[in-house]
Amino acid sequence: MVIDVETSKEALAKLAKEIGEKVADEFMRSVLSKLTGEVIGLRKDMGVLKDSMNKVWASINKLSEKIIQLTEAQRHTDKQLRELAERVNELTEAQKRTEERLNELAKAQAETERRLSELSRIVYSLVGEMGRIRGELVESRVALDLSFFLTKYGFDVFQHFPDVPYVDVVVETDGFLALIEICKKCTMKDLDQVIRGARIFEEKEGIRPSVLVVFSYTGEIDKKIL
């Protein structure tokens, strides 16, 4: 906005002089002179006001430009924030999928560990069973060898005498009775077993064994037994 003052101070003064010459009354000339001064002062104030208003409008224009710049920056910031929010949402979804996958893997791992534990238990059981079966097969072979050898001398050989645990072979002839525990490496445990078997045999059959034998088919015997 621009304020335009059409009449200058010189033009007003000239106009006042012309009017003063035409007005004969001295009082009227005085009043007119004062009015002219007031008008000139008012015009001066309006000039100052014009300059101030021009400065205000210049400041307002600069402020408007700054506001426009800030508005554009805000729009750019809002756009970046929207893009960031979308990225955060994508990352959140990806995190959820990752957590779901990890949970599935954890469940699969737990199931695998359970199956491995079950498999280990089965394998351990099978190993123990195979060892037991192998031991029984070896004992049966040793018992057959003993039977083949002792029957030549008139001995009767019985493997796994009925209802008598802890004894692998019973040998008898003419009032002689031997109880035999067959073992790989005979220890005190095997000696204890044949003694317990002998007690049970005596209780059931009413016959006291003539001799107790621990027979190592590998030849390895604990020194305490000897």
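Points worth noting:
- The combined condition, being in contact (Cβ under 8 Å) with a residue 24 or more places away in the chain and under 27 Å from K204 (Cβ atoms), is not fulfilled by V157.
- Search result, residues across the range 165-176 that are buried (at least 18 other Cβ atoms within 10 Å of the Cβ) and among the hydrophobic types (A, V, I, L, M, F, W, C): V167, V169, V170, V171
- First in the range 166-179 and touching a residue at least 24 places away in the same chain (Cβ under 8 Å), second anywhere and of a type in the set (K, R) and buried (at least 17 other Cβ atoms within 10 Å of the Cβ), Cβ under 9 Å, 6 or more apart: none
- Which listed residue is of a type outside the set (F, W, Y), part of a strand (DSSP E or B) and touching an Asp or Glu at 6+ places or on another chain (Cβ under 6 Å), from V171, V157, V214, V194: V214
- E72 outside the structural domain of K14 (by TED's automatic domain parsing), within 40 Å of the chain's Cα centre (by Cα) and either assigned to a helix (DSSP H, G or I) or of a type in the set (F, W, Y) (or both): no
- Residues of the range 102-117 include none that is in contact with an Asp or Glu (Cβ under 9 Å, 6 or more places away or on another chain) and loosely packed, with under 14 Cβ neighbours inside 10 Å.
- Looking across the range 179-190, the residues that are surrounded by fewer than 18 Cβ atoms within 10 Å (Cβ to Cβ) and either in contact with a strand residue (DSSP E or B) (Cβ under 6 Å, 6 or more places away or on another chain) or aliphatic (A, V, I, L, M) (or both) come down to K184, K185, M188.
- Considering residues of the range 151-161 that are modelled with pLDDT under 90 and over 15 Å from R196 (Cα atoms) only, the residue surrounded by the most Cβ atoms within 10 Å (Cβ to Cβ): Q159
- Extreme residue, surrounded by the fewest Cβ atoms within 10 Å (Cβ to Cβ), among residues of the range 196-217 that are free of Cβ contacts under 8 Å to residues at least 24 places away in the same chain and closer than 27 Å to G135 by Cα: R199
- Residue in the range 81-96 that is closer than 30 Å to E10 by Cα and in a helix (DSSP H, G or I) present: no
The values are calculated or read from the model by the stated rules, or taken from the named source; none is laboratory data. Computed from a prediction, not measured in an experiment: that's the story for all the values here. Here the Cβ is made from the backbone with ideal geometry for all residues, glycine too, and neighbour counts use every protein chain on show.
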